[in-house]
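Just so you know, all these numbers are worked out from the coordinates, no wet-lab data involved. The structure presented is a predicted model; accordingly, all values stated were derived computationally and were not measured. Note that each Cβ is placed from the backbone with ideal geometry, even for glycine, and that neighbours are counted across all protein chains shown.
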């Protein structure tokens, strides 16, 4: 019942639900105490409402927004408490006492201070907001320090809580008959409010503001003119999609030329992992379309999102869809892909997938580049890494539609885990659900929680089993040392993450977040060391649930000996290891039809929703002779991911180089045709200008070659290649 209430209320924990209940019950109790009247009961219940309110804000509870939606927002809750205090004074027979009028006047003055305070905080925030957020970019403009975090954070809540001295003073005055305490409390609350406003006021001065938007945008354009980026990773998406951009960071660091990352959502910048590549986040479409990107020759898109159109409109850039994974899902043959100049796939399978789907992507626009991200995945030598095999269960999420084949977690998840935990020959289970699990279907989140409970119970049973208890005792010292090493590494990583004062706003982060190659190299080493220590800190017999960003999915690949998953890019990536794997036919198509429809299933053990076929997978892990699909996996690996030589990074750079040359040739051809028109070989003296306008080129940019950097011609299609 409690879990149902938590789910319906959309709170994160039982404590949040309790706090919400205390608010709901506390205010009626405060009113009853005022009507009785009873000062001490009033004080007790009012304290409960203060504490519960503070706790929900501290937790960032979803309920705070819901309360505002039903018109009992933060300000109303504080005002209601003060009105009830005035009612208490009247019921105590103090309606004609000067304290009563002073309390009413004091609270009115206190509330009058909310207007200038709210205006100040809003103006300061707006005048500190930069039109472009950057990382690893020195804009050479003065960005002053922001107001201290304690003044900015939860400002409305802070000033409203400054009524506590007034509430306390008036209550004590009513209880003790000492009106001076009430006057002092009221005066202190008003003084605190005035002091808060006075502390904020200096940050509205001109010297505390960031430069105006035109100045910042010109600084960004000047930096672009000096840096001359040649290849851009363009990334936009929801807050949960940060992994789609993060997976390409190391590739961008190794790419030939001068890379740049362009983002569109401010909230995603903070979720971007440390990188040496310059990053600019441009939320405004108009600002993006007016940036000088004339040196960019190739733009890479990891996701099909609506905001891609704001860069796709630039005709001097060759646009490439690279995706964020390679699978047999419908997303891998999205018809939107035909808007790009090229589509880069991992291997031949991607090319054939588009040909079969016939969505308008031409075969000669597809380039096979492999998957550079898969370099950290180690190849299998045919024997389990540990005394017992480790099986990774990595189901994908439920997708945007109701197709039962999207994920195995709903229909088969519990069966898969139950059979693995109860296998005749013991195995270790690593459960790593997709980050989107439960976004569309809440039942998927419930099943994921059930699986987590099953694994916890299985671990408890192993801890009580003498066979495993002996292993735990023998490994205890080494595990403790590994955990201590993890703590040390985490402390050093935390220190390296601090590149300036804490509590900086977006403008300060843009100013201070400059690339430090030595620091970032050290972070990479420490993360590798942490990963090694993590796996040593847990027993090779212990089942694991991995839900956070660390350890990474590829680290789980390297630790496991086999995998159970669904049709997704996870399977294609796992193919790089050469290890056995199983896929679940949750839609119950039948093994033959399932393999026919899904390329990645050709070398897999096919599971029904009962997961009865898992013994075949476990047999393949335990004995090379019983691994009947080894050769099929080898052939399928090359088909899905391309050959091992040349390396994927080499092939990727070759593709960038070739497309850049094509872009240069195309742009030179356009310049030549415009020049010919300007000489009168076209429609007359004004031909060049009209032609340029029709194609989205400003006539003032013809000499400099800055095609497409103006805002003109948004709706025009680029010239054919």
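Just a few scattered comments:
- The range 213-373, relative contact order [Cα under 8 Å, separation at least 6], %: 20
- FRET efficiency, residue 119 to residue 452 (Cβ-Cβ, R0 30 Å, nearest 0.05): 0.05
- Sites residue 83 and residue 129, calculated FRET efficiency, Cβ-Cβ separation with R0 30 Å, nearest 0.05: 0.25
- 15 Å cut-off, amide nitrogen to a point 7 angstrom out along residue 238 Cα→Cβ, residues in the range 443-458: 443-445
- Extension gain (nm, one decimal) between residue 425 and residue 138, 0.36 nm per residue minus Cα-Cα: 97.4 nm
- Only Cα pairs under 8 Å and 6+ residues apart enter the sum, and on that basis the relative contact order of the chain stands at 14 percent.
- Ranked by how many other beta carbons lie within 10 Å on average, peptides 244-257, 663-676 from highest: 244-257, 663-676
- In terms of the mean number of neighbouring beta-carbon atoms within 10 Å, the peptides 295-308, 522-535 order highest first as 295-308, 522-535.
- Projected label distance in nm at residue 336 and residue 521, using a 7 Å step from Cα toward the beta-carbon: 3.9
- Applying 0.36 nm per residue to the separation of residue 285 and residue 227 and subtracting their alpha-carbon distance, the gain on full extension is 18.7 nm.
- Treating r as the C-beta distance of residue 64 and residue 491 and R0 as 35 Å, the FRET efficiency rounds to 0.60.
- If the segment from residue 623 to residue 661 were pulled out straight at 0.36 nm per residue, it would be longer than the present Cα-Cα gap by 8.6 nm.
- The relative contact order of the range 477-538 comes to 70 percent, based on Cα pairs under 8 Å that sit 6 or more residues apart.
- Residue exposure sequence - 86, 361 - by fewest surrounding Cβ within 10 Å: 86, 361
- Taking label positions 7 Å along the Cα-Cβ direction at both residue 356 and residue 587, the computed distance is 1.2 nm, reported to one decimal.
- Sorting the segments 624-631, 343-350 by their residues' average number of neighbouring beta-carbon atoms within 10 angstrom, most packed first, yields 343-350, 624-631.
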